[in-house]
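Below: one structure, written as structure tokens.
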Amino acid sequence: MAEQQNQQSQKGAVRRFLQSIAVPLGAVALALLIGAIIIELSGASAWEAYVALAKGAFGSAEGWRRTLEKTTPLIFSGLAVAFAFKAGLFNIGAQGQLLFGAITAAWVGFAVHGLPPGLHAALALIAGTIAGGLFGAIPGALKTYTGAHEVITTIMLNYIAMGFTDYLANGPLKDRSPGNIIARTPEILPSAKLPTWGWLPFGFILAVLAAVFAWWVLQRTTLGFEIRTVGQNPHAARYAGMKVARTVILTMVISAAFAGIGGAVETQGVVGRYEPGFNANLGFDGITVALLGKTNPFGVIPAAMLLGAMRAGSNVMQFDAHVAQEITDVVQALMLFFVAADQIVRWLLRIRAEEGEKITLSTGWGSQ
Amino acid sequence: MSTPASFANWKLFWKRWGIGLSIAAVVLAVIFYFYARSPRVTEAVLASTLRQSVPLVLGALCGLLGERAAVINIGIEGQMLMAAYVGFMVNVRTGNLLFAVLMGVLTGAVLGALLAFMSVTLKIDQIIGGTVINILAIGLTGYFYQVGLSAQGKLNPIPLGPLAKIPLIGPVLFDNPPITYASIVLVFVVHYVLFHTPWGLRTRAVGEHPRAADTLGINVYLVRYVNVIVGGALAGLAGAYLSLEAVGSFERNMTNGRGFVALAVMIFGKWTPFGAWGAALLFGFATAMQTQLQFAGKLHIPHQFIGMLPYLLTIVVLAGFVGRARPPAADGIPYEKEG
Amino acid sequence: MSEETLALEVRNIVKRFPGVLANDHVNFTLRKGEVHALLGENGAGKTTLMNIIYGLYHPDEGEIYINGQKVTIDSPHDAIRLGIGMVHQHFMLVPVFTVAENLILGAEPTKGWTLDLKAAREAVIRLSEQYGLEVDPDAVVEDLPVGVQQRVEILKALYRDAKVLVLDEPTAVLTPQEVEELFVIMRQLKERGVSIIFITHKLKEVLAIADRITVMRRGRVVGTTTPSEVTEQDLATMMVGREVVLQVDKAPAKPGDVVLSVQDLEVEDERGLIAVDGVSLEVREGEILGVAGVQGNGQTELVEAITGLREIRSGKVVLGGHEAPDRNPRYLIEHGMAHIPEDRQKHGLVLSYPIADNLVLCTYYKPPFAKGLQRNEEAIEENAKRLVKEYDVRTPSIFTPARSLSGGNQQKVIVAREFSRPVKLLVANQPTRGLDVGSIEYIHKRIVEMRDQGAAVLLVSAELDEILSLADRIAVMYRGKIVAVVDADKVTRAQLGLLMAGSPAEDVLDKEAVPA
């Protein structure tokens, strides 16, 4: 009897899992389909384009490396968005938090001398994480103490972060080497760089570990229980004696720390210094990744890889199939649309609605 | 008997207009001081302020039309960008500037309809709906963008007869291209519609208490659709301004965050057209000063910090540090009919 | 029935909601110029029927006739056109609008394109004079007292030329004086030919104002009668379906030490107005203190202040002899407070969470439910299995989301969670609102058990029956003040009613029962 029940519940679990990924998969398929139609309408071959895209992303060790490199910051910003989501917060500020993480890591990377390689890299990573996290505390505190909605404050803080990092890279932290005229920091020391083993960047491993960490915090710890309770029903959280204000700020800090470490990893593993124009849309990409991954930390990884692969392969696609890279942005927007408009996908694919935790994010902007 | 009453009236008057009037007085004083010292520069800064404010005020009007009906529009950026692109392309193909502007406006309206469909009919989270539009606009304009296209001309200033000859005021206010004039007129139009017509009353009711509106036979969905679509048209006009009046060509991502700043302008202006206009001018002024300082290189404040000011101010306003900003009560909440 | 034309008639209305038959072949008639009371318990289907008449719901079956003509009402718009007006239980007024603006919304007078607010103001004044409903057209609605807001709602219907007026539980939020004023208004409307459907579950009001009475129970019409043919007891029986004996078996209280002491408490409501105005009270171990009062007299704010959910303006709340150092619910919970909140879905439960998680909502951070930073899933499940059994929560599994449970079972989950800790003070606010009779009896029994185990119980309820059957002492709250504290066996129902209505205690009570 017990065994039978166990088998049944296992079957149920498999069915639930399939059901839960059906909508994202359907959304991706629909987005690719409409993308194909756009490509065909503009006179190119969709099939060729997608083949070239896949070849560019996965066709070689070099392709894999590029894909994973592009995936890494997307995982981090996706985690930043997904983590905040769980507490009912919408962090659009991943962009700014990432910039702070990146420039702090760069500063530690070029200004601190004489440390052994592993330690130096770790120090820079930690500095970037903390910088990002602290920057995320601002919207958290504004939300708790004044009621200012985090969507607007994080967008505003993105511009502030851009201005501030631009000032730093143009002023105190500027690369003064002869011949440099642009706003950038000096190159970080080799001891602060993160290695890439063949096609596997170290940063990608960190990103996966970060996802595991996020999952553990949310699902296995008492803090995670508080975060989810605040997201689901802040009134009940208060009634139960949880410190809602503290939880909101802490959630924003952790969320922003994910973005901060993402910026540090990008600096130390890929770019090698801080430069302007650094991954301009990562904040919004994070939203797509988080929703495509159903705001589940483990869902974020494949979602980020999909987007990362599209980014990594788009060069090859442009070269081989003469399709502009930006088609990937179009497809990405369509994915986001179909994931968000899950009724459409459900209706098309005849999938039943699932019961679960739902969060409304956008209610009013201002102070109460 | 009449003294306390008139005193109360005066207090009410001050409460309502005091901050605006004080700011206006200070601004005027400062303007005249600088005009006396360096007329050319002052004129240039003020003219630039007005020009910079045009897309912001149009975007903010778009945002507040939506939010007064409780639909948050964070896709203004995308609506502007797409409209800028379409307007430009139509101008390249037809050379008809008026038609190009109209197509830009139509593009904005179509995207408005898409947002309304997502947030009113599908009841998608409105922030996500707006983000879809933003990413879609970046993708589509980037994908279809062709390098090296050029258009014949752009919208030129139309001096308003003798008015344009008045010193300082003339060149700043009465010698502008058409969309700039239109943006000023639209501030008054939107104010009139929102606060002096049945439609405006219904819009505000829908934004505050949609169920109450519903029980009085007002079609909540229709009101939301129309406002968001008209708002989209205004954002489209802002886009047309960028590509057809300000620059005369299209560049990738040329909106450069103006759509988001417009949201800030709307909040700063406390969801009113005149407030938004004032805020847009303030933000425009900050941008104009930033350029001016960068150019002159006199002050020792890094120009980035002046550029940050509008964003900081927005946060300050939003946090309620200077007066409370109260958004429409139902803002962002999808309306579910019962039964 | 005679051949007169009826103002309104519904025939065989059926309305199904998932899992509920809300209206089961309902027939109802309204004569011209009568007040027809629709009586029934919460959930009997009264409001559903009215929402159908007003076009907010669409009936699955059945017909509606107005003045003898068959009509279809697809939306409130149709209803208004047909001369039906409705005053909803929750007012449908835009709080930031003025009275005049609310009045004309949806049917605005204009001059050209422009709103004619002058005409709107005049309309307010004309109507208020005509019907004796005094109200300032330029007042902003959110600043008005509830009773006046209700007048605005009635004016709205009259402005739209309503011939049939539906009043949905209009007296729930009113003081007895305001109820009297409302009755005067209703009589005036009647004289001017307006037909009124008056929805309520209060028997006395029905007998005072109605011309005819229709009683509903579980979606069906039980019968129609007139006030002269029935007594209160008859109506109660019709409403509930059996003799209502809400008598709880309980031994006399054995009060011990003071557990909760509230001293000169002042608390503000959301709008910064004083809601609790200098309240002092004491609750001892082993006794139940019932707080009686009409809804909205500060009970909610009082409970929230005691349980740490609301700031206090001045005064003290002392629990177990100590003033809480920081007014945080967690401190109070750890010091023996249990709280059954007024709104179980808003405060008491996380509806999307499984029952198991809801059962550790207040204790998740302590062993055995936490091991260091981590949750101890085994202990959480163990706890859930035990409590579900002990408190007879009917659920398919401990992993079922709380949302899927019935109201009674949701309340049992809350009771199980709150009673599973060592309890010194139990604060129960409307613990049985909207529950079925079985659940009510169960929860009453548990509360008395709690008392017998030595807990101090503060029971707040708007149901006089609940107070009378459970409380050992009764405090009456009126306009933010405790106007009297009396022993439960020394006071009559009528006396309590007068006290709740604001009559001075010294006029109402015998000398020896006058409060401490």
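Each value in this text was obtained by applying a stated rule to the coordinates, not by laboratory testing. Just so you know, these numbers come straight off a predicted model, no measurement behind them. Methodologically, a virtual Cβ is constructed for each residue, glycine included, from the backbone with ideal geometry; neighbour enumeration extends over all protein chains shown.
Is the C-alpha gyration tensor of the stretch C:8-240 telling us rounded, prolate or oblate? Criteria: a/c under 1.5 is rounded; beyond that, a/b larger than b/c is prolate, otherwise oblate. In terms of gyration-tensor shape, prolate. Considering only alpha-carbon pairs that sit under 8 angstrom and 6 or more positions apart, the relative contact order computed for the stretch C:13-139 is 16 percent. The longest stretch of chain B left intact once loop-based GluC sites (Glu not before Pro) with at most 14 other Cβ atoms within 10 Å are removed from consideration, loops following DSSP, is B:1-335.
In order along the stretch C:465-480, the phi-based Karplus estimate (6.51 cos²θ - 1.76 cosθ + 1.60, θ = phi - 60°) of 3J(HN,Hα) comes to 4, 5, 4, 5, 7, 9, 6, 8, 10, 10, 10, 9, 10, 9, 6, x Hz; Gly and Pro are listed as x. Quarter the surface of the alpha carbon convex hull of the stretch C:347-421 and you get the mean projected area, 4.5 square nanometres.
Of C:Asp392, C:Asp472, C:Asp60, the sequence from fewest to most neighbouring Cβ atoms within 10 angstrom is C:Asp392, C:Asp60, C:Asp472.
Efficiency by 1/(1 + (r/R0)^6): what FRET value for A:Ile34 and C:Leu373, r their Cβ-Cβ distance, R0 = 35 Å, to the nearest 0.05? Result of the calculation: an efficiency of 0.15.
Please work out the FRET efficiency for the pair B:Leu163 and B:Val30, using the Cβ-Cβ distance as r and a Förster radius of 22 Å; give the result to the nearest 0.05. After rounding, the FRET efficiency stands at 0.40.
A run of chain C free of exposed loop cleavage sites, with chymotrypsin sites (Phe, Trp or Tyr not before Pro) counted only in DSSP states other than H, G, I, E and B and at most 14 other beta carbons within 10 Å, reaches its longest extent at C:114-398. Once the Cα atoms are used to define both axes, helix C:377-390 deviates from the longest principal axis of chain C by about 70 degrees. Label chain A by shape, choosing from rounded, prolate and oblate, from the square roots a ≥ b ≥ c of the eigenvalues of the Cα gyration tensor; if a/c is under 1.5 it is rounded, and otherwise prolate applies when a/b is larger than b/c, oblate when it is not. It comes out oblate by the Cα gyration axes.
With contacts taken as Cα pairs under 8 Å and at least 6 residues apart, chain C reaches a relative contact order of 14 percent.
The GluC sites (Glu not before Pro) of the stretch C:411-460 include none that meets both conditions, a loop assignment by DSSP and at most 15 other Cβ atoms within 10 Å of the site Cβ. Going by neighbour counts of Cβ atoms within 10 Å, the residues C:Thr214, A:Thr154, B:Thr107, B:Thr287 line up, fewest first, as B:Thr287, C:Thr214, B:Thr107, A:Thr154. What is the helix-to-structure angle for C:437-452, meaning the angle in degrees between its Cα long axis and the longest Cα principal axis of chain C, kept from 0 to 90 and rounded to the nearest 10? On a 0 to 90 degree scale, this one is about 30. Taking a quarter of the surface of the Cα convex hull of the stretch C:389-469 gives a mean projected area of 5.5 nm².
Computed from the C-beta positions of C:Glu63 and C:Lys118 and an R0 of 41 Å, the FRET efficiency is 0.45 to the nearest 0.05.
A simple spin-label model places pseudo-atoms 7 Å from Cα toward Cβ; at C:Asp234 and C:Lys32 they are separated by 2.9 nm. Across the stretch A:102-111, coupling constants 3J(HN,Hα) worked out from phi with the 6.51/-1.76/1.60 Karplus curve, θ = phi - 60°, read 5, 6, 5, 4, 5, 4, 4, x, 9, 8 Hz, and Gly and Pro carry x. Taken one residue at a time, the phi angles of the stretch A:333-342 give Karplus couplings (6.51, -1.76, 1.60, θ = phi - 60°) of 4, 5, 4, 4, 4, 6, 5, 5, 8, 5 Hz. Gly and Pro are set to x.
Which of rounded, prolate or oblate describes chain B when judged by the alpha-carbon gyration tensor and an a/c cut-off of 1.5? The shape class here is oblate. Taking each of C:Lys316/C:Lys481; C:Lys32/C:Lys163; C:Lys371/C:Lys424; C:Lys46/C:Lys346 in turn, the alpha-carbon distance tops 18 angstrom for C:Lys371/C:Lys424; C:Lys46/C:Lys346.
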